[in-house]
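What follows draws every value from the coordinates through simple rules; no lab data is involved. All values derive from a computational prediction rather than experimental measurement. Cβ sites come from the backbone with ideal geometry, for glycine too, and all protein chains shown count toward neighbours.
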Amino acid sequence: MTTAFVSYCWDPEPHRTWVRELSTRMRADGVTTILDQWHAVAGDNLPQFMESAIRENDHVIVVCTPSYKRKTDDRLGGVGYEGDIMTGEAFVLKNRRKFIPVLRDGEWKQSAPSWLLGTYYIDLRGADWGSNYGLLRDTIYRRLPEPPPVHAQGFKFLRDKSVLDTTTGLVWGNCRSPDRVVLEDVRPKLETYAQATSWIWRLPTQSEIEKVKNAEVYYPRPPIMVNLKWHHPFFGDCEKEPWTSERMANVRHGDRGNSGGAFYANGFVGGWSGFADALKVEAAHVAVEAESLRRVFLLRMVREATPEDQASVLAADDSE
């Protein structure tokens, strides 16, 4: 059984009546509330009552008002004595969650004891305090809402395994495929993918790739994977991004240098001789590998999202 001691100041009525109503409601919800109006009688040792009530109960409900703050901070009367006990326990035992502040009157800065000023509190001011009472009950029982599952921000998986980028309104296809596609196969694969999905796809722009690349830095398993790294036996660590129309033109017509001339890796066998000697392979072999590497990129494709895609997202989420 969960127990709670109610710490409050004997402000003029109707404050004491309200505290009793709060304690009664908590009891109706299964919380054994300890209240001086019920449990302390003439002749009792009040310091001992306050000490045991704070020490032995699961929670202490601290009812904050301007008078409560003044008496706690100035260590006046029973409220001041309770303040000593609570601050000592919170400091030594590090159990601040045991003490649940509720704001009944005034503003928080004018009503909260100094040791509680930086604490999250529950607002129970006014005649409609019952609307926030559920938060107090759920806090006591640790029944606060569970956070939603974490998904890759901005990305939603669709039923056909394509990915909707909610930040740009683009749907990405052929996601996470590690295959490096040669220039000659790009257009045929686009057409095949279009026939299989009944959508018209295009190659992404470099700007679209960069937006996804920047977002995927934070995900251990990128949803679209616009950047692939691997180790080549000749050239070491390599990195490739998806095909774009610009890349297709560049590869087809030769990589352009600052001089404006075209470069084909297999057309400069002599330039690979020193590199090939270090690898102890033929320069022609290195040149062929370099040209093969120059002519491959990842294949990702995009299309504009439609209302049907949102329905597909919901279906995918439901299926998970």
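The table below gives the values:
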| read-out | value |
| --- | --- |
| Restricting region 28-77 to residues that are without any contact (Cβ under 8 Å) to a residue 12 or more places away in the chain and surrounded by 15 or more Cβ atoms within 10 Å (Cβ to Cβ), the residue that is farthest from Ala4 (Cα to Cα) | Arg70 |
| Of residues in region 79-115 being among the hydrophobic types (A, V, I, L, M, F, W, C) and closer than 18 Å to Leu136 by Cβ, the one surrounded by the fewest Cβ atoms within 10 Å (Cβ to Cβ) | Trp108 |
| Residue match in region 8-21 (condition: of a type outside the set (D, E, K, R), more than 16 Å from Gly130 (Cα to Cα) and touching a residue at least 12 places away in the same chain (Cβ under 8 Å)) | yes |
| Filtered residue count, region 220-242, keeping only those that are within 16 Å of Arg294 (Cα to Cα), exposed (fewer than 10 other Cβ atoms within 10 Å of the Cβ) and basic (Lys, Arg) | 1 |
